[in-house]
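Novice: First the structure, then my questions, so here it is.
The values are calculated or read from the model by the stated rules, or taken from the named source; none is laboratory data. None of these values were measured; they are calculated from a predicted model. Here the Cβ is made from the backbone with ideal geometry for all residues, glycine too, and neighbour counts use every protein chain on show.
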Amino acid sequence: MISKIETLPNEILLQIFSCLTWYDMLTSLWSLNARFNSLICLTLSINGNRLNNGLVIMHGLSHNKCCSILFPLILNSLALSSSIQRIHFDGTNSISSDLCYQWLFNDKNILRFPHLKSFILTRCGSIEPATQSLVYLIKYQLNELTLTFDKDIFTRFHFLRKHLLHVSYKSNQPFT
């Protein structure tokens, strides 16, 4: 039995899908049928400057939902993981820094998203999970890399640098 939503043309469905968050789209519409799956992949493949394009890992997205539902769903579908061109991690949520490297690479250090073109880290307190992969991503994969640091990281860096200079100065002093 065909539902009324399935009779809508693809252009209208794409407009509807673009208004949904990627995780709502996946948990609600993925696996309904081949047509919806292909429209979801098309929606996720859009790499524009809109806030909701691609995967946006941000505040409000639970770790359990990511690890138990969304991550396996994406990894088990080659069409889905291949369609993703943009990933945005919002660092205000600790889940983002925890999942960043885990989402990008598998155990063999192979990128999970072969068509990834845009990688955005916003409000980074630390980019340690991503630094392992940034060189590879910049050299072979990305057209766009955006890193936005939290103001506190510069304060910490300045304090650490000042402290290290002070310690270094004291260690160079002769013992008396």
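Novice: Scan segment 49-69 and give yes if some residue there is in contact with an Asp or Glu (Cβ under 6 Å, 6 or more places away or on another chain), at pLDDT below 75 and not hydroxyl-bearing (Ser, Thr, Tyr), otherwise no. Let's see the steps before the verdict.
Specialist: Here is the first cut: in segment 49-69, the ones in contact with an Asp or Glu (Cβ under 6 Å, 6 or more places away or on another chain) are 58.
Then keep just the ones that are at pLDDT below 75; that gives 58.
Adding the requirement that they be not hydroxyl-bearing (Ser, Thr, Tyr) leaves 58.
Within segment 49-69, one or more residues are in contact with an Asp or Glu (Cβ under 6 Å, 6 or more places away or on another chain), at pLDDT below 75 and not hydroxyl-bearing (Ser, Thr, Tyr).
Novice: Could you please let me know if LEU80 is in contact with a Cys (Cβ under 8 Å, 6 or more places away or on another chain), assigned to a helix (DSSP H, G or I), among the hydrophobic types (A, V, I, L, M, F, W, C) and modelled with pLDDT of 65 or more? Give the derivation first.
Specialist: Working: in contact with a Cys (Cβ under 8 Å, 6 or more places away or on another chain): yes; assigned to a helix (DSSP H, G or I): yes; among the hydrophobic types (A, V, I, L, M, F, W, C): yes; modelled with pLDDT of 65 or more: yes.
Yes.
Novice: Further, regarding this structure: Does any residue in segment 69-87 that is surrounded by fewer than 18 Cβ atoms within 10 Å (Cβ to Cβ) come within less than 7 Å, Cβ to Cβ, of a residue that is of a type in the set (D, E, K, R) six or more places away or on a different chain, and which pairs are these?
Specialist: Pairs found: LEU75/ARG112.
Novice: Could I ask something else about it? Any idea how many residues of segment 33-48 are modelled with pLDDT under 90, out of contact with any strand residue (DSSP E or B) (no Cβ under 6 Å at 6 or more places or on another chain) and not in a helix (DSSP H, G or I)?
Specialist: Residues in segment 33-48 being modelled with pLDDT under 90, out of contact with any strand residue (DSSP E or B) (no Cβ under 6 Å at 6 or more places or on another chain) and not in a helix (DSSP H, G or I): 2 in total.
Novice: Within the set of pairs 6 or more residues apart or between chains, which connect a residue that is within 18 Å of LYS4 (Cβ to Cβ) and among the hydroxyl-bearing types (Ser, Thr, Tyr) inside segment 17-42 to a residue that is outside any helix (DSSP H, G or I) and modelled with pLDDT under 90 with Cβ atoms less than 9 Å apart?
Specialist: Once the first residue is within 18 Å of LYS4 (Cβ to Cβ) and among the hydroxyl-bearing types (Ser, Thr, Tyr) and sits in segment 17-42, its partners that are outside any helix (DSSP H, G or I) and modelled with pLDDT under 90 give SER28/LEU20.
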